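What follows is a short report on a single structure.
A short reminder: the numbers here are calculations on the coordinates, not readings from a lab. These figures come from a predicted structure and were not determined experimentally. As a convention, Cβ positions derive from the backbone with ideal geometry for all residues, glycine included, and neighbour counts pool all protein chains shown.
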Amino acid sequence: MDPEVIAIGVVFATISIVFVALFINRTKQEEARQKTLQRAVESGQKLTPELVETLGKSIDPEVRDYRRGILLVLFAAAFFIVVTTIDMGGAANDVFQYLGLFPLFIGAGYLFVWKTGGGKK
């Protein structure tokens with residue numbers, strides 16, 4: 001099989017695996033939240049709207065932006081290293097190097113939002 005076909009398949013398979021992992025993680029978090037609420041109701045605790053809201057909150061958006069930014073920049077760096085290490089010949093290397101710029105700029109955008117405070121006053 002041609003190395004270009006394998007490389008393209010690996011890239012898209014990796015992206016698919018990441019999205020599936022994110023979906024599974026969010027589902028598990030929601031299940032844990034629902035179990036916590038169910039245990040609280042079964043034990044007779046009074047559930048205030050504030051308590052339910054705090055259980056539903058995820059991590060701080062600024063921290064989330066920072067984490068996403070760092071991960072995307074590191075992914076872009078790893079992608080660039082792999083593409084420059086594997087010689088696929090001709091235009092394929094250039095195409096994959098330019099594809100690596102997408103996560104780099106998206107990660108830089110997240111880091112910019114994190115650094116500037118995300119529009120908070």
In degrees from 0 to 90, rounded to the nearest 10, what is the angle of the helix 61-85 Cα long axis to the longest principal axis of the chain?
-> 20
Whole-number percent relative contact order across the chain, with pairs defined as alpha carbons under 8 Å at least 6 apart = 27
Karplus-derived HN-Hα couplings along segment 86-93 (A = 6.51, B = -1.76, C = 1.60, θ = phi - 60°), whole Hz, x at Gly and Pro = 8, 8, 9, x, x, 6, 4, 4
Apply 1/(1 + (r/R0)^6) to the Cβ-Cβ distance of Thr27 and Asp94, taking R0 = 35 Å, and write down the FRET efficiency to the nearest 0.05.
-> 0.35
Just rank Val5, Val95, Val113, fewest to most, by other beta-carbon atoms within 10 angstrom.
-> Val5, Val95, Val113
Relative exposure of Thr48, Thr84, judged by other C-beta atoms within 10 Å (fewest first) = Thr48, Thr84
Efficiency of FRET from Cβ geometry, Thr116 and Leu47, R₀ 30 Å, rounded to 0.05 | 0.20
Lys pairs under 30 Å by Cα in the chain, provided they are eight or more residues apart or on distinct chains | 8
Counted charge near Leu74, where neighbours are those whose Cβ lies closer than 12 Å (Asp, Glu -1; Lys, Arg +1) | +2
